[in-house]
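Below is one structure, written out as structure tokens, with a few remarks after it.
The values are calculated or read from the model by the stated rules, or taken from the named source; none is laboratory data. For clarity, every value in this text was computed on a predicted model and none was experimentally measured. Glycine also receives a Cβ, built like all others from the backbone with ideal geometry; neighbour counts cover every protein chain displayed. The area values use the complete protein model at the heavy-atom level, side chains included, leaving out ligands, DNA and RNA. Shrake-Rupley method; radii C 1.70, N 1.55, O 1.52, S 1.80 Å.
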Amino acid sequence: MRELTADDARHGVLGGGVFACGGGGWRHHGELMGSVATSVGRPVLAEIGELPEDSYVATVTAIGAPAAKDWEIQPVDYVHALQKLMRECDRPISAVMTGQNGYSTTHNGWIQSAMLGVRVLDAAGDIRAHPTGKLGSLGLTSRPGYVSTQVVSGGNRDKHGHFSAVTTGSVQTCDDVLRDISVRTGGFIAAARNPVELSWVREHAALGAISAAIELGAAMEKAAARSAEAVIETVRDRLGARELARGPLRDAVALDTHGGWDHGTFGIGEHLVPYLNEYMAVTSGGERIASYPDTIVILRAEDGLPLAVKDAKEGMDVVLLVADARSLPLSSSAVDPVGIAECEQLLDMEFLRYLPERS
């Protein structure tokens, strides 16, 4: 175990932004959450082998569309959601983990650790960011008899007041309800959910995901002292990625935020990148080049930093990279047919037939 520092927080934002794949929250929110967590307490990162075998782990995250205009999440919302889940759960929750990496989601759990004393598990429901809670739920969508408990807290105070709710039921139903709540409360809301045994996490999570983001961010920061190209090369080499295209970004299908998701498609040369909050595929000439859960990254050519959907502007010079999903830790939920089928419906694209095998 080790204490997470302000340097870790800064690096987590950078590396998490790469794994965000265009979504994964917001850079300024990640900087805020990391700064607060490492200032008010001592968040502790633990590897899975450092926790007692009878530990229960909860997933902490946020739900919504990053490009929503009226979202509001305060740091205390994450704490309140976990506190309420702890009261609802019949087993003590001793550790938390994020559903995914991202600009801000890599820091999910850090403030809860600082304030409540739980450990931050070095794992994620998915090493890269994804659009639905089902895709970060550790395969619990198909676990017989599992009853999900999911808590949300937050919302835009000026427009809707503070909102809090506890839901129990199937992972699928709870996720759908909380997605609707995120829309009705301004666009985003903090969540704590799906307490589960450590043994299940060990089998189904993307282990080492938080360390991977922090280490990538540290390498990017070091490379930035040399050049933007050095940052791009660092990201490419660390991910084992291949470069697919460079050039000006265009809106092949303009951004449209509805239903709790950001929808659209970017074009870079002959390559098209459809997104649903996050970059979900790459096509060229009608051929599928990459598909979720591959890590699909668009970097800004000017500084090598990852580009979020909400920050994209037509004409920006960018670099498109793709890392095969099998080259990074692959969780059960990243290949969950229930979650993937929903993405097929939302994007009207095939994903299931492109899924890799999980070893």
| query | Does the range 224-248 hold any residues that are in contact with a Leu (Cβ under 8 Å, 6 or more places away or on another chain) and over 19 Å from D324 (Cβ atoms), and which are they? | reply | V231, R246
| task | With the condition kept exactly as written, say whether any residue in the range 45-52 is under 20 Å from the mean Cα position of the chain (by Cα), buried (at least 20 other Cβ atoms within 10 Å of the Cβ), in a loop (DSSP other than H, G, I, E, B) and modelled with pLDDT of 95 or more. | result | no
| query | Listed residues R91, R27, R10, R87; which is among the basic types (K, R), farther than 21 Å from L178 by Cα, at pLDDT 95 or above and surrounded by fewer than 24 Cβ atoms within 10 Å (Cβ to Cβ)? | reply | R10
| message | What's the total number of residues in the range 222-242 that are in a loop (DSSP other than H, G, I, E, B) and surrounded by 13 or more Cβ atoms within 10 Å (Cβ to Cβ)? | response | 1
| message | Consider the range 243-275. How many of its residues are at pLDDT 95 or above, in a loop (DSSP other than H, G, I, E, B), open to solvent by less than 60 Å² (accessible area, probe 1.4 Å) and over 17 Å from M316 (Cβ atoms)? | response | 0
| note | Those strands (runs of 3 or more DSSP E) completely within the range 72-176 that have 3 or more residues that are among the hydroxyl-bearing types (S, T, Y) are 148-154, 163-169
| Residue among I111, I127 that alone is of a type in the set (A, V, I, L, M, F, W, C), out of contact with any strand residue (DSSP E or B) (no Cβ under 8 Å at 6 or more places or on another chain), crowded, with 24+ Cβ neighbours inside 10 Å and touching a residue at least 24 places away in the same chain (Cβ under 8 Å) | I111
| note | Across the range 155-189, the tally of residues that are open to solvent by less than 30 Å² (accessible area, probe 1.4 Å) and either touching a residue at least 12 places away in the same chain (Cβ under 8 Å) or closer than 16 Å to G99 by Cβ (or both) stands at 17
| remark: V152: passes all of (1) farther than 18 Å from V96 by Cβ; (2) under 20 Å from the mean Cα position of the chain (by Cα) but (1)
| message | Condition first: closer than 17 Å to C21 by Cα, without any contact (Cβ under 8 Å) to a residue 60 or more places away in the chain and among the acidic types (D, E). Now tell me which residues in the range 234-263 satisfy that. | response | D237
| task | Scan (1) surrounded by fewer than 23 Cβ atoms within 10 Å (Cβ to Cβ); (2) farther than 30 Å from K222 by Cα; (3) touching a Leu at 6+ places or on another chain (Cβ under 7 Å) for the single condition E287 breaks and write down its number. | result | (3)
| remark: Note on the range 94-108: residues open to solvent by 10 Å² or more (accessible area, probe 1.4 Å) and within 13 Å of V201 (Cβ to Cβ) are S94
